[in-house]
Every structure is written in C-alpha cells, then in structure tokens.
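Structure record follows, encoded as structure tokens.
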Amino acid sequence: MKKYAAVLCALTAVAVLLVTYQMVGRPRGLPVKIRIATGGESGVYHAYGDALADALERQMNVTVTAIPSGGSVDNIHLLRNGRAELAFVQNDIMTYAYNGTNLFSTEGAFKDFFAVAALYPETCQIVARRGIDGITELKGRRVSVGHEGSGTELNALQILEAYNMSYSDIEVDHLSFAASVAAFKEGRIDAFFCTAGVPTPAIRELSAGGEARILNVGDAHAHSLISVYPYYSRQTIPAGAYPKIGDEAETVAVKATLVASGSLDKEVVAEIVKILFESEEVAKVSPSGKIDRESAVEGVLIPLHPAAEAFFRK
Ligand code: GLU
C-alpha cells in the first residue's frame, strides 16, 4: 500500500511540474540553445547574425550559434527540418514558403514559423563588368544567379523574366557572393546577381578595383515585375554607396525579415525582440540602423509572432 502511495505521490509531483511548465514556460535560469540560419560570409545576413548572436548571449541565458547557409530558401529548410530556431529570410521567399506557392509548390506549405520583424531593404544588385550597359546585354554572357538555396536566384529569374529573358539566354553559374567576386576578378564571369542590404561587403570589396558597375532595372520593366510579384518595391542605390561606382542605380528591393520557429518559447522570443530593437551593436551592422516599429511590419504577409505583436503594441 505504502509503495502505491509513494508512486502516486511521485506521479502527482511530475504532473504538477508539467502543468506549471506549460503555464509559465521555460523555468528561469535554464539555458536555451538557439541556432540562427544566416547566409554566405560576404553577405549582410552573416554579419547581422553574428552581431545578434553576441547580443543575445550577452543579455540572455542562451547559447547562440550563427549558421552559414546558401540564403533564404536554405534557411526555410533549416527551420522546417528543426535545424534552426531563428532565420533571416527575404519577405518574398517567406511568403511563398508559408503559402506553399512558387518554388515551394512541390514540397507544400510550411506554417510553423512567425515573422519577428522586417529588418531592412535587400536590394537586387546586378553587378556587371564596365562596358555592359543594360540587362539585355547580359545575353550570351556568363552570369552568376546566386548560390543554390538563395533567395537571390529567384530574384534573378524574375528580373530576367521581366526582360523576356531566361536561363537559356545566359551561361548560368550558381555562386555565393564571395565566389562571384572571386570569379569576376579572375574574368570567369561577367556579371552576378546579389540581393542583399546596401552596402554589401562582397560588392564593396569588388568595386574598389574599379571594374564593376551596377545595372538599372528600367521603369517599365520594374513596373511589370512589381505588378506580377508585389513583394518588390522600387529602390535607388545612391552614387557613392560603393567605392569607385560613381553613378546611382535604379533597381528593386525586397525586405530582409527575421523569423522564428514555432517551437521557440514565447518568452524567449519576447526577450529577443527587445534586444533586437534596443541593441546598439545590432543597429551598427544593420543597413537601416535602428529598426522602428512601423517599418518592422512592412512587407510582412505571414503571421507576426505574438511576442513581437505585444512589443509593437506597447
Ligand atoms: N537575401 C540573400 C539570399 O537569400 C542573402 C543576403 C545576405 O546574405 O545578406 O539570397
């Protein structure tokens, strides 16, 4: 009888603990492991991810690892496979993933993630050798359309489509930003697509050599692109954004967004949102500086995390 009473007591204690855990979430003081899916080393996601990881580790009881990847599409897969808790993704890619459309139509919708905040515009930069004066002049040239698993590649496809062009018009390479720069310098490619915040470290490094320019996406083409894919907006790269690129470029942009897996504890996300908005170190690596609450919801067409929503309402 005594034995049964002891077992009953133990079971009740476990049940009480479980219920309490459900109610209050993570017990205070328990370390949490967070993996942030970023991008290639010469992009902005990578630098942003490192700064965010440092800030979170300093201010929370967490271990954070910034994981390199091919970019937005890869990052959705890392979230989906439970290999990352936070990720940087383009807003077009996250919407396609959430709705199971476009390049996610075969694998189907993935809904177990939330937007935490839109961070900064990611400009579609088409970097070409001087002497190439427009997108149609890329015909017959060797062009890197972005790393496999990048969001850049989808932008390349859609921009080419707006010009009535496709992969059959160019010699396609799939290179990261860093590999594109190396290939450009060695004369192995004539141009590359790069969707990233301005200034992008890879382009800054290349432009110093004086051989590169950034191509315009003309008004009519931008207009037809935006009418089919409303995630794009018009964006100007100012003259002087990069060394030795004297002219401004008119192009289009999407938005970099920080997203969180549905598996991440709500209280943990609440702490992350606060640090994301308040950390000076994080603001320093962001192309748009400190984020404001208004722009943090621009272009967000998937559910906002309840913790972010609560923070924005304050
Ligand atoms: N937006 C890019 C992509 O998903 C990555 C940008 C970056 O690494 O900063 O292709």
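A few remarks follow.
- If the condition is being touching a strand residue (DSSP E or B) at 6+ places or on another chain (Cβ under 9 Å) and under 24 Å from PRO201 (Cβ atoms), then the range 278-295 contributes SER286, PRO287, SER288, GLY289, ILE291, SER295.
- Condition check for LEU264 on (1) within 16 Å of THR95 (Cα to Cα); (2) part of a loop (DSSP other than H, G, I, E, B): one failure, at (1).
- Scanning the range 76-94 for residues that are within 16 Å of the ligand (Cβ to nearest atom) and in a loop (DSSP other than H, G, I, E, B) yields one hit, ALA84.
- Some residue of the range 112-119 being among the aromatic types (Phe, Trp, Tyr) and over 16 Å from the mean Cα position of the chain (by Cα): no
- For the range 95-126, a tally of residues being open to solvent by 20 Å² or more (accessible area, probe 1.4 Å) and assigned to a helix (DSSP H, G or I) returns 4.
- Count of residues meeting criterion [touching a Lys or Arg at 6+ places or on another chain (Cβ under 8 Å), open to solvent by less than 60 Å² (accessible area, probe 1.4 Å) and outside any strand (DSSP E or B)] in the range 232-261: 3
- Spans of helices (runs of 4 or more DSSP H) in the range 138-230 with at least 1 residues open to solvent by less than 10 Å² (accessible area, probe 1.4 Å), within 15 Å of the ligand (Cβ to nearest atom) and not aromatic (Phe, Trp, Tyr): 152-162, 177-185, 201-207
- Where VAL73 falls short, out of the listed (1) more than 10 Å from the ligand (Cβ to nearest atom); (2) outside any strand (DSSP E or B); (3) of a type in the set (A, V, I, L, M, F, W, C): (1)
- Pairs linking a residue in the range 298-314 that is at positive phi to a residue that is among the β-branched types (Val, Ile, Thr) and open to solvent by less than 80 Å² (accessible area, probe 1.4 Å), with Cβ atoms under 9 Å and 6 or more positions apart or on different chains, are GLY299/THR95; GLY299/VAL254; GLY299/THR257.
The values are calculated or read from the model by the stated rules, or taken from the named source; none is laboratory data. Keep in mind that this is a model prediction, so the values were computed, not measured. As a convention, Cβ positions derive from the backbone with ideal geometry for all residues, glycine included, and neighbour counts pool all protein chains shown. Heads up: the accessible areas ignore ligands, DNA and RNA and are worked out on the full protein's heavy atoms, side chains in. Shrake-Rupley method; radii C 1.70, N 1.55, O 1.52, S 1.80 Å.
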